[in-house]
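Student: Take this structure, written in structure tokens, and hold onto it; I'll ask about it next.
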Amino acid sequence: MTCMVTGKKTMKAIIFILNVIVGLALTSQVAFAKTVKVTMHATENMVVIDNKGTKYPSMSFDGAIPGPVVRVKQGDIVDFTLINDKKNKYSHSMDFHAAIVDVLDEFSEVKPGESKHYKFEAKYPGVFMYHCGASPMQQHIARGMYGIIIVDPAEGYTKAYPKPDREYVLIQSQFFPDPEDHKAMLENRGWTNALINGKIFHYDPVHDPNAKLALQSKPGELVRIFFVNANINLPVAFHAIAGVWDKVYPNGNPKNVIYGMATYNVAVSEASTFDIISPADRPTNNAIVDHSMNAAMRGAITVLMNTPDADPKMGKGDNILPR
Ligand SMILES: [Cu+2]
């Protein structure tokens, strides 16, 4: 009798342990390669392109410039759907620079009222531009159809790629006032301003009294900037005035590290990651600029305030692209 009870208990214990093992195996598999569903609408709508409320007929993803931040982990499967709203005039498409697929298949144009679904593995860690590739491509990008996909490294943070205290996304683009003149966009004629995250002097209350936002951090914090050059034709001389980039990770890949850079040239369509650490013993400010003056003075200046009373929510969690 005693023996039967012990036997049952042993069996129960074995089944319990087996369940735990199977459970752990499944969980680790899920954590290792997750499928992330991403759905976006191609939109043709009016957006505000400066701090005083000037409106402009954009082409955009989900109605805003830039489109939503997509963030996955290396190895994840991105399960993507693009819906081209019925009321739209133009065909649109989605080109993720993080995807290794077929340009004629996955990245093909989608007519108004139709949708496109595809999957890809985010194989390489880093930061990547995404954009519409429908013709004429320069017009779709110039009018706002771009964004960022962040692929966090599978191994997580390391000594070479430490955990930052705050993160910000900055995406720069050229503003062409005539939305229909795609020839001017192609030939780089007549652009009047630089947009940062969709607005002229978006985070610069120094040059634009109407600016309500600036980036914030506390003195001594490690601030990580994910930067995308969404210009049509011009590279960006990315520089932090009154600071030095502690590390630059070209394409955001932790294996690519350059130390102690004043200025780093970002190619058109390149996304790269920049770490900056402010002095810990005093409040300071940086002006993060495109050091090409034709862009800086036309909108590409971002103020980073390093003060003890920095907003604890800014640059944390989902709040890395302030709108
Ligand atoms: Cu488009």
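Matching residues to (1) near the ligand (Cβ under 8 Å from one of its atoms); (2) in a loop (DSSP other than H, G, I, E, B):
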position	(1), (2)
SER108	no, yes
PRO112	no, yes
LYS116	no, no
TYR124	no, yes
PHE128	no, no
GLY133	yes, yes
HIS140	yes, no
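So that you can scan it fast, the table gives a plain yes or no per residue for (1) crowded, with 23+ Cβ neighbours inside 10 Å; (2) farther than 24 Å from ALA310 by Cβ; (3) not assigned by TED's automatic domain parsing to the domain that holds GLY126:
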| site | (1), (2), (3) |
| --- | --- |
| ALA194 | yes, yes, yes |
| HIS202 | yes, no, yes |
| PRO205 | no, no, yes |
| LEU222 | no, no, yes |
| LYS247 | no, no, yes |
| VAL268 | no, yes, yes |
| ILE277 | no, no, yes |
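Student: If you scan the stretch 262-319, which residues turn out to be β-branched (Val, Ile, Thr), closer than 25 Å to PHE175 by Cα and out of contact with any Pro (no Cβ under 8 Å at 6 or more places or on another chain)?
Tutor: THR263, THR273, ILE288, VAL289, ILE301, THR302
Student: Quick one: GLU180 ticks every box in (1) within 16 Å of the ligand (Cβ to nearest atom); (2) free of Cβ contacts under 8 Å to residues at least 60 places away in the same chain; (3) closer than 23 Å to ASP79 by Cα except a single one, so which number is it?
Tutor: Result: GLU180 passes all but (3).
Student: Which of the following residues is touching a strand residue (DSSP E or B) at 6+ places or on another chain (Cβ under 9 Å), among the hydroxyl-bearing types (Ser, Thr, Tyr) and within 16 Å of the ligand (Cβ to nearest atom): THR54, THR43, THR35?
Tutor: Within the list THR54, THR43, THR35, the selection yields THR43.
Student: What tally of residues in the stretch 142-166 results from selecting those that are within 16 Å of the ligand (Cβ to nearest atom) and either in contact with a Cys (Cβ under 8 Å, 6 or more places away or on another chain) or assigned to a loop (DSSP other than H, G, I, E, B) (or both)?
Tutor: 4
Student: What do you reckon, is PRO68 away from the ligand (no atom under 15 Å from the Cβ), within 30 Å of GLY315 (Cα to Cα) and outside the structural domain of ASP178 (by TED's automatic domain parsing)?
Tutor: Here the answer is yes, as PRO68 does meet what is asked.
The values are calculated or read from the model by the stated rules, or taken from the named source; none is laboratory data. Every value quoted in this text rests on a predicted model; they were computed, and no experiment measured them. Because the Cβ atoms are built from the backbone with ideal geometry, glycine has one as well, and the counts that use them run over all protein chains shown.
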